[in-house]
Every structure is written in C-alpha cells, then in structure tokens.
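Student: Mind having a look at this structure? Questions to follow.
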Ligand SMILES: NCc1[nH]cc(CCC(=O)O)c1CC(=O)O
C-alpha cells in the first residue's frame, strides 16, 4: 500500500474537478494514503488563438503530465478520455477508465432553446470539426465561429454576445455544476459524440504494480468496453477529438452497438457506419467499423480537411 499518491493535473476548473474526484475516491478507499495534486500547464492550455487541429500534434493536453509521470514527480494523471492519444510513451499506460458521465454535446445559449430554433444565419461557437460538420449538415445556413478556451472562457465569450449559441460537452457543464446553462442535450442521433467524451481515464507507470492494484476499484467495466471500441475507431483512422470524426458505442446487454462518422467541416460530405457485436470484441468492432469508413472514402475526406 502506497503512503502517498501524487496526481498530475491541468489547472482548468474541469481538470481540477476531475483530479479532485479521483483524489476523493482514493482517499475513501485508502484512508491512510495521502493524495496530493500537482498542477501544471499544457500546450493545449497555452495556445488559444487557433483550432486544435491547426496547433498540430496529438496529446496537446497530456504531454506535460506524462513527463511528470516519467520523471517521478507524479504517480498518476487524470485525463478526459476524449483528449488521450491512442499510443502511450514507453513505460506509461492507461490503468483505469472511470464511469462515464452524460456523453452528449450540450446546446448553450442565452437566447434560444435548440439548434432547430436558431434563426437563419445564426452564429454558433465551436472549434470542434466534428461538431461543426454535424451542425452544418442539419443547418447549412448557420455560421460556425471558432471558440477556444476552457469552459468558463467559452461561456464568457457567449455572454459577451460574440455568438448566438455555443456547443460544449454536457459532461463538463454537469461536473462544474452548470447544468442550468444547458438549454438542450443534443441527441446522439443529431450530433454523434466524440470517442471517449464524458469519460475520465487514469494513466500511470506501467511497472507500478502496487499503484495499479490500488487503482483497480475505480475501473467501470461497461464504460471501458464502450470507450475501448470508440478509441479503436480513432486509432485506425489516426485521429482523435481534433479530427472531424465521431464515434459512440452503447451497450445493449452484452452487445456493443458502435456508430461512427467522418465528415468535412461544412457538413456537405458525411460517411457513416455502424456495427454490433459482443462487448469482449470491443477493439475489433471499432477497428472493423473504421475499416468500413475507410472503404467508403473516409481517408479522402480526412486528407482534404487537413490539406494533404
Ligand atoms: N477538448 C476539450 C475537452 N476535453 C474534454 C471535455 C469535456 C469533458 C469530457 O468530455 O469528459 C472538453 C471540453 C468540451 O468539449 O466542451
């Protein structure tokens, strides 16, 4: 049993909430273990004037945290699964996937109740190519305007009148006790969520067996099956939440139902696929779904979006 566990975390309100949530779970399980937070800033927090897709590179929100794990200044890092790349640096790995919060996107506005209600030509804030693609598909008249920053910054920009509405992850707003900001939880039929959205994961050193055993009770197996399938889609397509890729898995008894799509930013091209299968085959289901998207032309869309 470890006497002390240090959690590396970003310093946004949401990241701190997530780290504190894991801290509280560990303290409840292990009253004799001291759990501390180590706050740090990542590249994704610093560069706020461009869409993440243009900042480039994967793991914009995790690299610095991983450095702390490797040099021993921290023992675990708590991530939003949506932001975690598929590959881990040598010696590090994902030890736990925690129970998922509501995975949907939230429609947030001070003027309107839903996307359907927005007037012609309304301005909607999001930097997510996935959200831009799906909103534009349903409403080609809507103007998508870039929106970066942490949840509070984004809400302030909405309140300043820069946008008629913005779209944020429902999970983030719920965790920060800002449910009253949500006008509509957008259905997954209307806007398919990003892989891993709403789930937290814990990364640590792969050889830290003592710690991995202590973290095991935080694993939520149903969420893990779902997120494993979703991440396999992103892995095969070589993309994540910065790409115009959506993938979302649900469990129906022991059967996983996985849906995925790839589209262009203006929503004029969208390729979809879905698959069902036993939950134990989560990874293969995700890979097969991605292969089907590729067979239907997903690579050409992704190449065009990235100007390749
Ligand atoms: N890319 C930023 C990010 N990473 C995770 C969340 C929300 C919380 C979650 O999905 O668990 C957000 C903000 C957002 O999309 O509004």
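Student: Fewest Cβ neighbours within 10 Å first, please rank 183, 156 accordingly.
Tutor: Least to most surrounded, the residues fall as 156, 183.
Student: Shifting gears a bit: Just to be sure I understand: if I project the alpha-carbon convex hull of segment 105-186 onto a plane and average over all orientations, what area do I get in nm²?
Tutor: 4.6 nm²
Student: Mind ordering 227-236, 3-12, 101-110 by average Cβ neighbours within 10 Å, highest first?
Tutor: So the peptides 227-236, 3-12, 101-110, ranked by packing, come out 227-236, 101-110, 3-12.
Student: Using only the alpha-carbon atoms, how far is helix 221-237 inclined from the longest principal axis of the chain? Give it as 0 to 90 degrees, nearest 10.
Tutor: With rounding to tens, the tilt is 60 degrees.
Student: To continue, here is another question. Report for the chain the percent antiparallel among DSSP-assigned beta bridges with both residues inside it, nearest 5.
Tutor: 70 percent
Student: Sort 100, 226 so the one with the fewest other Cβ atoms within 10 Å of its own Cβ comes first.
Tutor: 100, 226
Student: Checking the a/c ratio against 1.5 first, then a/b against b/c, what shape does the Cα gyration tensor give for segment 221-307?
Tutor: Judged from the Cα gyration tensor, segment 221-307 comes out prolate (a/c at least 1.5, a/b above b/c).
Student: Does segment 134-178 come out rounded, prolate or oblate, given a ≥ b ≥ c as the square roots of the eigenvalues of its C-alpha gyration tensor, rounded meaning a/c under 1.5 and, failing that, prolate meaning a/b above b/c?
Tutor: It comes out oblate by the Cα gyration axes.
Student: Using the Kirkwood formula on the Cα atoms of the chain, what hydrodynamic radius do you get, in angstrom to one decimal?
Tutor: After inverting the mean inverse Cα-Cα distance, the result is 19.8 Å.
Student: So for 26, 111, fewest C-beta neighbours within 10 Å to most, what's the order?
Tutor: 111, 26
Student: Listed highest first by mean packing, meaning other Cβ atoms within 10 Å per residue, what order do 280-293, 250-263 come in?
Tutor: The densest-packed peptide leads the list: 280-293, 250-263.
Student: Let me ask something else. Where both residues lie in segment 77-220, what percent of DSSP beta bridges are antiparallel, nearest 5?
Tutor: Counting DSSP beta bridges with both partners in segment 77-220, the antiparallel share is about 75 percent.
None of the figures in this text is laboratory data; all of them are computed from the coordinates on show. Quick caveat, the model's predicted, so the values are computed rather than measured. Neighbour counts run over all protein chains shown; Cβ positions are idealised from the backbone, glycine included.
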